[in-house]
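Peer 1: This is the structure I want to talk about, given as structure tokens.
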Amino acid sequence: MSETPYRQAIADYIRANANPPDKFSHQPRVYRLACELAEGRPFDDDVVFAAAWMHDLGVFIGHRPEPLAALAVWDHIAYVTAKAPALLRDFGFPVEKIPAVLEAIRTHLPSGEPTTFEGTLLRDADLLEQLGAVGILRAVSKVSRDTRFPRFDDALSVLRKNAVTLPALFRLDSTRRRAEARLRILKAFLDSAAEEATGIEW
């Protein structure tokens, strides 16, 4: 990664705004994964960097609504695509690249249909983060602090779904190869959790 003032400004802003704090490490991991997934194919590194670091801004406490009714219908993609342009300009990010950053963010969800290679890299990297040891840590850390995860069984249900559904969503062969080891780890964990808690409600 080339060092530029705007990259440091983006990272500093996300570090200051990531809440809960453990959400911060997701951004550098997604950026690194996205770069690795390219496997030498050319891409705009600035666009991938900014999209990877900014894509989850709308899920941070302080940026998302707190009332449960509002949170249930919250569109964090609309939030970040509305807020990111001014932030990126303030950071000194190349203005002509902002539309490409927003497009990558817009299509990064599992339901998204990336229209650019940068968007594909971001989406595949973000999906890959939901598998393996990191995927387990991210899901389990949400138990009791996220309305979707009141109990451990809720986290396990999401992890089971991820193991079944996410592999079919990858766009890149490079992602599929990297997913194999993560899937083995995730499935072994799920099997062990089921065996150790036989007949017990999580």
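What follows is calculated from the coordinates using simple rules that are stated; it is not laboratory data. Bear in mind the structure is a predicted one, so any value in this text is a computation, not a measurement. Here Cβ is always computed from backbone atoms with ideal geometry, including for glycine, and neighbour counts include all displayed protein chains.
Peer 1: I'd like the distance separating the alpha-carbon centroids of the stretch 72-113 and the stretch 174-197, in whole Å.
Peer 2: 32 Å
Peer 1: While we're looking at this one, here's another question. Please identify which residues in the stretch 84-103 have an amide N closer than 15 Å to a label point set 7 Å out from the Cα of Leu109, following the Cα→Cβ vector.
Peer 2: Taking a point 7 Å out along Cα→Cβ of Leu109, the residues of the stretch 84-103 whose backbone N falls under 15 Å are 103.
Peer 1: At 0.36 nm per residue, and after removing the present C-alpha to C-alpha distance, how many nm does the segment from Ala9 to Arg177 gain when stretched out fully?
Peer 2: Result for the pair: 57.1 nm of gain on full extension.
Peer 1: I've got another one for you. Mind sorting Asp90, Asp153 by how few other Cβ atoms lie within 10 Å of their own Cβ, fewest first?
Peer 2: The fewest-first ordering by Cβ neighbours comes to Asp90, Asp153.
Peer 1: Next question. Report the charge-dipole magnitude of the chain in Debye, nearest 20, computed about the Cα centre from +1 at each Lys and Arg Cβ and -1 at each Asp and Glu Cβ.
Peer 2: Dipole magnitude for the chain comes out near 160 debye.
Peer 1: Still on this structure, I have one more. If I model a spin label at Asp22 and Lys187 as a point 7 Å from the Cα along the Cα→Cβ vector, what separation in nanometres do I get?
Peer 2: Label-label distance for Asp22 and Lys187, simple model: 2.6 nm.
Peer 1: Could you please rank Val95, Val48, Val73, Val59, placing first whichever residue has the fewest other Cβ atoms within 10 Å of its Cβ?
Peer 2: Sorted ascending by nearby Cβ count, the order is Val73, Val95, Val59, Val48.
Peer 1: Taking the mean number of other Cβ atoms within 10 Å as a proxy for protection, how do you rank 127-135, 79-87, 115-123, 62-70 from highest to lowest?
Peer 2: In decreasing order of mean packing, 127-135, 79-87, 115-123, 62-70 become 115-123, 127-135, 79-87, 62-70.
Peer 1: Pop a pseudo-label 7 angstrom from the Cα along the beta-carbon direction at both Glu196 and Ser157 and give the gap in nm to one decimal.
Peer 2: Going from the Glu196 label point to the Ser157 one covers 2.2 nm.
Peer 1: On a full-extension model of 0.36 nm per residue, what is the gain between Leu137 and Ala168, subtracting their alpha-carbon distance, rounded to one decimal in nm? Before the final figure, lay out the partial values.
Peer 2: On the way: separation 31, 0.36 × 31 = 11.16 nm, distance 2.22 nm.
8.9 nm is the gain from fully extending Leu137 to Ala168.
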